[in-house]
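**Student:** This is the structure I have questions about; it appears just below.
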Amino acid sequence: MRLYATQTSPYARKVRIALLEKNIPCALEWVDLRAADHGALEHNPLGKIPVLVRNDGSAVYDSAVIIQYLEILRPEPAIIPHDPEARIETLRIEALASGIMDTTVAWVLEQRHSKDCQDAGMLQRARGKVLAALAVLQEEACAWKDVAAAPVLNLAQIATIAAVGYVDLRAPDFLLQFPDLTAWMHSLRQRPGISATAPQ
Ligand SMILES: N[C@@H](CCC(=O)N[C@@H](CS)C(=O)NCC(=O)O)C(=O)O
């Protein structure tokens, strides 16, 4: 299997951490998303990464679907709980973390416009939404204090690390209000799947 990814994509990082936590071997294909004919376009008409290309050449996207596929491919260790309530909770937090990624990406792209072309209202709304969502994740992370040495991280924790790591990379000021969440993320740095996938 091959995963098309970039070093900084939080969506790809979620999948890369899941692959390492589940110990699933997978080759990485780094993509330059600015190139007109980058490799992922052949497998995803939207040209978005991550894309997982299976050994038979068929493609799986987007990141949430890839995660579901990995759970089917290798059910143990599970990163999505089997218990129905815990499962929905985990998927809700994954959705929240994905929303943080989406909104932070939109904020970053808007910031890249010259000052006089920026939509100040959009920037403020996006910032407010990300901060509100980070506050929820910080509350969730209070219950995850002892996971640094856990045999496997669950999807809620994986998605949270990918989202918070991306905010830390692109909008570190947003995290100033969330020292507990930042400390929790740093407490996991020793895990190979976390250090090996850190955005650079
Ligand atoms: N919902 C998708 C989002 C993927 C996404 O937006 N990836 C970005 C990179 S961080 C991308 O490929 N952007 C290139 C483009 O939109 O053309 C997922 O979860 O995989």
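**Student:** Decide, for the chain, between rounded, prolate and oblate: order the square roots of the alpha carbon gyration tensor eigenvalues as a ≥ b ≥ c, take rounded if a/c falls under 1.5, and otherwise choose prolate if a/b is larger than b/c, else oblate.
**Tutor:** Cα axes put the chain in the oblate bin.
**Student:** Could you order LEU91, LEU123 by accessible surface area, starting with the largest, using a probe radius of 1.4 Å?
**Tutor:** My answer, sorted largest first, is LEU91, LEU123.
**Student:** Would you work out the relative contact order for region 2-73, in percent, from Cα pairs under 8 angstrom that are 6 or more residues apart?
**Tutor:** Relative CO of region 2-73 lands at 34 percent.
**Student:** Still on this structure: How many Å³ per residue does the convex hull of the Cα positions in region 2-73 occupy?
**Tutor:** Dividing the Cα hull volume of region 2-73 by its residue count gives 79 Å³.
**Student:** Tell me, what is the 1.4 Å probe accessible area of ASP168, in Å² to the nearest 10?
**Tutor:** ASP168 has an accessible surface of roughly 60 Å² with all protein chains in place.
**Student:** Moving to a separate point now. Can you sort THR90, THR103 by 1.4 Å-probe accessible area, starting with the largest?
**Tutor:** THR103, THR90
**Student:** So what is the calculated 222 nm ellipticity per residue for the chain, using -39500 (n - 2.57) for each DSSP H run with n of 4 or more, over all residues, to the nearest 500 deg cm²/dmol?
**Tutor:** -16500 deg cm²/dmol
**Student:** Would you list, by chain and number, the lysines whose Cα falls below 28 Å from the Cα of LYS129, excluding same-chain residues fewer than 8 positions away?
**Tutor:** LYS14, LYS48, LYS115, LYS145
**Student:** Here's another thing I want to ask about it. For ALA35 and HIS186, what does the FRET efficiency come to when R0 = 25 Å and r is the distance between their Cβ atoms, rounded to the nearest 0.05?
**Tutor:** 0.15
**Student:** Of all DSSP beta bridges located in the chain, what percent are antiparallel, nearest 5?
**Tutor:** Roughly 55 percent of the beta bridges in the chain run antiparallel, per DSSP.
**Student:** Looking only at VAL108, VAL130, VAL53, which one moves most when the chain is put into a Gaussian network model with springs between Cα atoms under 10 Å?
**Tutor:** In this elastic network of the chain, the residue with the biggest mean-square fluctuation among VAL108, VAL130, VAL53 is VAL108.
The values are calculated or read from the model by the stated rules, or taken from the named source; none is laboratory data. As the structure is a prediction and not an experimental result, all values here were calculated from the model. As a convention, Cβ positions derive from the backbone with ideal geometry for all residues, glycine included, and neighbour counts pool all protein chains shown. SASA here: full protein model, heavy atoms, side chains in, ligands and nucleic acids out. Shrake-Rupley method; radii C 1.70, N 1.55, O 1.52, S 1.80 Å.
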